[in-house]
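Written out below as structure tokens is the structure these notes cover.
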Amino acid sequence: MPGILVGLDGSHYSERALEWGAKEAAIRNAPLRVLVVHTVPVGWTGRGVPDPEDNELVLQTKAAAQEMTDKVLAGI
């Protein structure tokens, strides 16, 4: 997969990583891909248990990631 991949988890550090990734992608004329992390509850086995009715939280996570991406790209 060519390009720059940056993971976002909503933290300040991931925002800084996004800034770095966007600048690198621009310098290298490469595509920028943003991976959003969405947490799910942990079941008794210790593994994540996705809730099919969790769509609202998924949409909120996606919107927050888009907002952060737009903010970073506007500042470059």
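Structure summary
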item: Qualifying positions in the range 21-45 - of a type in the set (Val, Ile, Thr), exposed (fewer than 14 other Cβ atoms within 10 Å of the Cβ) and closer than 25 Å to GLU56 by Cβ; result: VAL37, THR39, VAL40, VAL42
item: Scope the range 22-44; condition part of a strand (DSSP E or B) and either aromatic (Phe, Trp, Tyr) or within 17 Å of ALA74 (Cα to Cα) (or both); matching residues; result: LEU32, ARG33, VAL34
item: In the range 66-75, the residues that are loosely packed, with under 12 Cβ neighbours inside 10 Å and closer than 17 Å to TYR13 by Cα; result: GLU67, ASP70, GLY75
item: Which numbered condition HIS12 misses (of (1) touching a Ser or Thr at 6+ places or on another chain (Cβ under 6 Å); (2) surrounded by fewer than 13 Cβ atoms within 10 Å (Cβ to Cβ)); result: (1)
item: Residue check for ALA63: of a type in the set (A, V, I, L, M, F, W, C), open to solvent by less than 90 Å² (accessible area, probe 1.4 Å) and assigned to a helix (DSSP H, G or I); result: yes
item: All positions within the range 46-57 that are surrounded by 13 or more Cβ atoms within 10 Å (Cβ to Cβ) and either assigned to a helix (DSSP H, G or I) or modelled with pLDDT of 90 or more (or both); result: LEU57
item: Per-region count, the range 22-50, residues closer than 17 Å to LYS71 by Cα and under 12 Å from the mean Cα position of the chain (by Cα); result: 5
item: Hits in the range 28-71 (condition: more than 23 Å from MET1 (Cα to Cα) and of a type in the set (A, V, I, L, M)); result: VAL40, VAL42, VAL49, LEU57, VAL58, LEU59, ALA63, ALA64, MET68
item: The lone exception for MET1 - which of (1) at pLDDT 90 or above; (2) over 14 Å from LEU73 (Cα atoms) it fails; result: (1)
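The values are calculated or read from the model by the stated rules, or taken from the named source; none is laboratory data. Note that this is a predicted model, so its numbers are computed, not measured. Glycine gets a Cβ as well: all are built from the backbone with ideal geometry, and neighbour counts include every protein chain shown. Remember, those area values only see protein heavy atoms, side chains included, never the ligands or the DNA or RNA. Shrake-Rupley method; radii C 1.70, N 1.55, O 1.52, S 1.80 Å.
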